[in-house]
Amino acid sequence: MAIDLLSDIRPGQYHWTICVRISRVWEFRGRSDDEEVKHLDLVIIDQKGTSMYVEIPPDSIPFLKTQLQEGKVVTMKKFLVEQAKPGYRVVQNPYMIRLNKRTIITTVQPEPAMFPKVTYSLTPFSELEQHKNMKDQFLDVIGQIIAISDVAEFRTAAGTMQKRRTITLRDVNSMEVNLSLAGARATEFDGDKVYELGQETAVVAIFVGTLMKGLRGQPSYLTGTSACRWYINDFQIPAIQEYYNMLPSEVDAMEKIELQDNKTIQQAVEQKTVLQLKHMDPFEHMNTRFQCTVTITKLSPNQRWYYPACKICNSRSYYNNSTYKCSKDTCPCTEAEDRYKLSFMAADETYELEFIVFDQKAQQLIGKPIQRLKSMYDKYETPAEISDLIGQRYTFVVKISAKKSINSDEPTFEVIYVKEQLGRQANIPVFRKTSSLTTNSSSQAVQTSLPSLIPMEPKK
């Protein structure tokens, strides 16, 4: 049987037969581990060390999953070769493989000698910052684990609870970066065993499948979710052996990181009235989170409820010459997907301000995915499901939207997550706003009953 190398296969032909080791396997479920599996993912390596990403759609997973165990060497036939996806690339290969129900997978016995087991492309710590908040590729790093936390629960931006563990890595130049393992990866990482080992010797690890994230004004950090794997003090991996040999014979014992759980963090989020939020300086409070309880009073005028978002960085994309172009100059992505963006006015008994909610948080409010609403309404229509938000009362955790607020008289706030839904109110606050050359002021009118789902305008 003729075996094709991964470096030789190309799209457009179907006769390929490959012999590869399954280096990694993971389930991709989207933003939460509680969602349905969207596809099963692999990283494979052939005998020459070439690696490739493999994706298996949900309908084929039951036929193939039992044959796809990490570490096994197998042959594969009857699959498709495609162009690699523009985002979240786990290996540097222009092509990917998509398996199907007809794919034939056969375990190779005995296992060939000298067959590579792992693949990685290490990014130096000094270059991580340039990848911050980019989603074009996953990052692989190597470093000494100098501190580790236990698992703690946090509330995500989508409002769900998620387990997390923090690990501090140091490189040979004494640069440090935190790595946050999230979801199942946080519990799969044997923190107790690694911490005990770190009391006796240096612990060197390679983490593959991470992303660099960060907010303006705060330290950047690596994240590891479903695609992440790690190799710890595995001296059969040359990079780990070389790194370990560069360390001094005596190193400090590994430290313990104390993480605040979600309850403690929530206690630190300060409750504010809308009038107090009005006076927040976007330069001084750019990343500060606040809690507020408000009623949605009307939708912001001349605002569409979704926009074409870059698949890599979520910035707005523009369609030009049969392709998309990201509005961020440094982003090379040419693909986009529609993303919720709701803008509305909301008030309590003190004042009224604009709020913005994106993506999963918007879906949480609306109760339907964006694809469902797009199939029901024209893009210039306001769906009834969105108009129905008027009069609903919520407790939000928010942060100031610096981009919209810096040059505005009044700040706009982005909803980070929806803490509580308090239901439809019989009356909603109505404000008369007046402005002068030096100050803005408002007076609250008598609360008005909400007779219908039509946005209400202030009385003149």
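Key figures
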{"read-out": "Filter result (open to solvent by 20 Å² or more (accessible area, probe 1.4 Å) and closer than 14 Å to Val294 by Cβ) within region 396-422", "value": "Glu414, Lys419, Glu420, Gln421, Leu422"}
{"read-out": "Subset of region 329-353 (residues that are over 25 Å from Pro369 (Cα atoms) and modelled with pLDDT under 80)", "value": "Asp329, Thr330, Cys331, Pro332"}
{"read-out": "Elements of type strands (runs of 3 or more DSSP E) contained in region 284-324, each with 3 or more residues being in contact with a Lys or Arg (Cβ under 9 Å, 6 or more places away or on another chain) and not hydroxyl-bearing (Ser, Thr, Tyr)", "value": "289-299, 306-310"}
{"read-out": "Unmet requirement for Arg164, which otherwise passes all of (1) in a loop (DSSP other than H, G, I, E, B); (2) under 30 Å from Phe283 (Cα atoms); (3) open to solvent by 60 Å² or more (accessible area, probe 1.4 Å)", "value": "(1)"}
{"read-out": "Failed condition for Pro110, given (1) free of Cβ contacts under 8 Å to residues at least 40 places away in the same chain; (2) on the phi > 0 side of the Ramachandran plot", "value": "(2)"}
{"read-out": "Selection from region 172-190 of residues that are buried (at least 18 other Cβ atoms within 10 Å of the Cβ) and outside any strand (DSSP E or B)", "value": "Gly183, Arg185, Ala186, Phe189"}
{"read-out": "Region 302-318, residues that are open to solvent by 70 Å² or more (accessible area, probe 1.4 Å) and either at pLDDT 90 or above or at positive phi (or both)", "value": "Asn302"}
{"read-out": "Checklist (1) farther than 15 Å from Leu299 by Cα; (2) in contact with a strand residue (DSSP E or B) (Cβ under 9 Å, 6 or more places away or on another chain); (3) surrounded by fewer than 17 Cβ atoms within 10 Å (Cβ to Cβ); (4) touching a residue at least 60 places away in the same chain (Cβ under 8 Å) applied to Thr382, failing item", "value": "(1)"}
{"read-out": "Checking Ile142 against (1) in a strand (DSSP E or B); (2) open to solvent by less than 20 Å² (accessible area, probe 1.4 Å); (3) among the aliphatic types (A, V, I, L, M), the condition it does not meet", "value": "(2)"}
{"read-out": "Long-range neighbours under 8 Å by Cβ, at least six apart or interchain, first residue within 15 Å of Lys341 (Cα to Cα) within region 309-329, second among the basic types (Lys, Arg) and in a strand (DSSP E or B)", "value": "Ala309/Arg316; Ala309/Arg339; Cys310/Arg316; Asn314/Arg339; Ser317/Lys325"}
{"read-out": "Meets criteria (among the charged types (D, E, K, R), without any contact (Cβ under 8 Å) to a residue 60 or more places away in the chain and more than 30 Å from Phe63 (Cβ to Cβ)) for Glu127", "value": "yes"}
{"read-out": "Elements of type strands (runs of 3 or more DSSP E) in region 33-124, at least 1 residues being open to solvent by less than 60 Å² (accessible area, probe 1.4 Å), in contact with a strand residue (DSSP E or B) (Cβ under 7 Å, 6 or more places away or on another chain) and of a type in the set (Gly, Ala, Ser)", "value": "51-56"}
{"read-out": "Residue in region 76-83 that is among the basic types (Lys, Arg) and more than 30 Å from Glu337 (Cα to Cα) present", "value": "yes"}
{"read-out": "Lys135 being in contact with a strand residue (DSSP E or B) (Cβ under 9 Å, 6 or more places away or on another chain), open to solvent by 10 Å² or more (accessible area, probe 1.4 Å), modelled with pLDDT under 95 and assigned to a strand (DSSP E or B)", "value": "no"}
{"read-out": "Tabulated pairs, region 246-258, first within 15 Å of Glu176 (Cα to Cα) and assigned to a strand (DSSP E or B), second of a type outside the set (Phe, Trp, Tyr) and open to solvent by less than 70 Å² (accessible area, probe 1.4 Å), C-beta under 6 angstrom, 6+ apart or interchain", "value": "Glu255/Ala147; Ile257/Ala147; Ile257/Ser149; Ile257/Thr166"}
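The values are calculated or read from the model by the stated rules, or taken from the named source; none is laboratory data. Since the model is a prediction, treat every value here as computed from it, not as a measurement. For neighbour counting, all protein chains shown are included, and Cβ atoms are generated from backbone atoms with ideal geometry for every residue, glycine included. The area values use the complete protein model at the heavy-atom level, side chains included, leaving out ligands, DNA and RNA. Shrake-Rupley method; radii C 1.70, N 1.55, O 1.52, S 1.80 Å.
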